[in-house]
1. For all pairs of alpha-carbon atoms in the range A:344-498, what percent lies in each bin of width 10 Å, listed from the first bin to the last filled one?
2. Cut-off under 20 Å on the C-alpha distance; same-chain residues fewer than 8 positions from residue A:101 excluded. Which aspartates and glutamates are left, in chain and number order?
3. I'd like the mean, over residues of A:214-223, of how many other protein chain beta carbons sit within 10 Å of each residue's own Cβ.
4. Enumerate the calculated ³J(HN,Hα) couplings along the range A:380-395 in order (Karplus 6.51 cos²θ - 1.76 cosθ + 1.60, θ = phi - 60°), each rounded to whole Hz, writing x wherever the residue is Gly or Pro.
5. So if I average 1/r over every pair of distinct C-alpha atoms in the range B:112-165 and take the inverse, what Kirkwood radius in Å does that give?
6. Sorted by average packing, counted as other Cβ atoms within 10 angstrom per residue and highest first, what order do A:10-19, A:233-242, A:198-207, A:148-157 take?
7. Label points 7 Å out from Cα along the Cβ direction at residue A:4 and residue A:91: separation in nm?
8. List the lysines whose Cα sits under 22 Å from the Cα of residue A:94, skipping any in the same chain fewer than 8 residues away.
Amino acid sequence: MAMKSLQEFAGYVRQCKKELESRARRVLVCAGTGCLANGSEQVLNEFHRLSVDAVAVTKSGCHGFCEAGPLVKIEPDSILYVGVTAADVAEIVKTTLRDGKTVERLLYHHPVTGQMYRGEKDIPFYSSQSRVTLANCGAIDPDDIREYVARDGYMAMARAVADLSPDEIIEEMLASGLRGRGGGGFPTGRKWFFARNAQASQKYVVCNGDEGDPGAFMDRSVMEGDPHRVIEGLAIAGRAIGASVGYIYVRAEYPLAVARLRRALKQARNVGLLGDGLFGTDFSFDVIIKEGAGAFVCGEETALLASIEGRRGMPRPRPPFPANEGLWGKPTTINNVETLATVPAIMLRGAEWFQSIGREGNPGTKTFAITGQVANTGLIEVPMGKTLREVVFDIGGGLRCDKQFKAAQIGGPSGGCLSAEQLDIALDYDSLSKVGAMVGSGGLVVMDEGTCMVEVARFFMHFAQSESCGKCVPCREGTRRMLEILEKIVGGRASMDDLAMLEELAWVVKESSLCGLGKTAPNPVLTTLRYFRDEYLAHIVEHRCPAGVCTAFKSYKIDPALCRGCTKCRKTCPVGAISGDVKSPHVIDQSVCAKCGACKAACPFGAISLS
Amino acid sequence: MTPVETAQRKFRRVNEIIEVHGHEQAALVPILQEVQAEYRYLPEEILTYISTAMRIPAATVFGVATFYAQFSLEPKGKYLVRCCDGTACHVRNSKPVYDAIRAKVGLTDGKFTTPDLKFTVETVSCLGACGLAPVITINNEVHGKMTPEAAAIIIDTLLKRDGDN
């Protein structure tokens, strides 16, 4: 049974809002993947067991502050407790919920300065952000459609379906200047415009949830924490181009996202927000979920479509573009999760509001997954154009363990590595592409001086090579040869000729590959060559790894004077490289040693050192 | 039971799965996923059977089954340990964790599954739990902030649990 009219929907919204307001106080326990792994489910269960009736305890999506989990938020007191265990719950119930005081030891303490913060709005990690797309993540129960509706959910869809014509929707999107958040940055409104103009009896909209970039997890958090927002965005896209069927393609590694989306779809159908004749119009819309099966290249739009059709997920040359010939040859629009999750906010608050955030040509906000060697890792959302320095030091809290900033790898395997000299670069599509990097998926991995940039380049090349679908020669063979050369360099066997060949190959692969995977695969190599060439030279000419990472240039040794023969190192060694009798000095067989450093960590006498 | 009956029993479940999803090629990936969930890998004779039942060329079925990383044509272990080697995990030393787990379950050479089919140890490119790096999953249960020592303890617990049964 579909919502028959806007009036009927307005009544439903009032009912949802009333329900939410009736809960004077709310306890939100994060149930994102990160917090669940840290035991947030037990925390939630303990709250349910102990809580007084007046308190509404619900799970929520990811708050973004994954490392500090499990997180417990108490509203309207605006208290955020971090690292909560089930054993802490009784104290929270007594001290905070009953007596109205805070449990100080559970508050967030800055890992570098040690300062204590009470709630989200005080913690620099949050206070420097502006949340639009992630506004509901961590604030609502993703499994309860009423909470989404109470926060103006599906309002934008109702407006788009009942009040606006498809052309008006597209005009609004064009005016907003929203660019695809999947990485390419193509204007979303134009994409919709092309598909709108294509003539066909059947069209499709597809949500690309195949987030394969290592180090990026914003799409996952949105799908897990606010699934209705993705569905709403997709429905608006469907209305704009004239599609009655939408697909959400989610990668296989995200089972929780699939489960939450499935439940969200069921709820939306039950209350009549999906189905036939929505809001009394002739617009019908429903969504099908397709699970990926583990292929990075399926993030590329034509490969993704092949995968939905049940074929090998290989890209094909464009044109024809999916807007004209997409799924089963029909006009199709493909948008990234984050793009679609931004659409409802634009439809609700207008293009002008959206243009007022960010910077010219790059309006709005962008989510980044900030990880690596920073104090605060997690998911953040900032206006386009914030500088790398602000993100790493203000929000990320600087580097952990008093280390120096060395590089930021931005945009995953399609992006590049920036050095300390680029710290003041604005994070937006145009500024980043000028220095050879990319917004890409928004993965931002911070590295300290203990990271070898050549090894990082090798790591990404290994990824690109193993994920190449093999259809076109430059990508299949080129990335393989590039990887071989990089392995020679980190293995201490390379010459300057190899370096020249690497650079030449990188340009060939970049310019002649069929799809985005191959075209961008050389980016990490090219940017490290540009900003960290001295490290390549150190490996090749001086036979040393400046960061002390590359195993070919180092060896672990046991100091016989300090070794007491406790056998701990021998037992820890994963490859059996250490031998020796009890109570007499042990030795490491260098030809067997995997140089993992486990022995050094295990030795209680500090007898093992790296040279 | 005659061999024919055994074969019928074997394919009955596959038939049920195909019935649910239909015979269109678009259903091939979900069907393979469900079959793999049932058998923990894709046995060759079942792939051939699917090809016949769905009237899709065997080359297409095998092509799809070998293209996607999720599918395995080899039996996998009871415990599927996936060590994340995404960028965040990689820079926070995921490699020693992987090595320690392999050593703990006794995997050598290029093998990923132990001969007793108890453990399969693989690396994956990103599990999307980067805030907890390095991360491993065991049959989809996530364990974050791993160290070689912690991983060894988890494996020990699994071994012990199996020993008790």
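1. Percent of pairs per bin, in order: 11, 33, 30, 19, 6, 1.
2. Qualifying aspartates and glutamates at Cα under 20 Å: A:46, A:53, A:75, A:77, A:88, A:91, A:120, A:122.
3. Numbers: counts 13, 11, 6, 8, 1, 1, 5, 1, 0, 0.
For this peptide, the per-residue mean of nearby foreign Cβ atoms is 5.
4. Values, residue by residue: 10, 9, 9, x, 3, x, 5, 7, 4, 4, 4, 5, 6, 9, 6, 8 Hz.
5. On the way: mean 1/r = 0.0809 Å⁻¹.
That comes to 12.4 Å for the range B:112-165.
6. Details: A:10-19: 14.6, A:233-242: 26.0, A:198-207: 19.8, A:148-157: 22.5.
Ranking the peptides A:10-19, A:233-242, A:198-207, A:148-157 by packing returns A:233-242, A:148-157, A:198-207, A:10-19.
7. 5.6 nm
8. A:59, A:73
The values are calculated or read from the model by the stated rules, or taken from the named source; none is laboratory data. Since the model is a prediction, treat every value here as computed from it, not as a measurement. All Cβ positions, glycine included, derive from the backbone under ideal geometry; neighbour counts span all protein chains shown. Quick note on the areas: whole protein, heavy atoms, side chains included, nothing else; ligands and nucleic acids left out. Shrake-Rupley method; radii C 1.70, N 1.55, O 1.52, S 1.80 Å.
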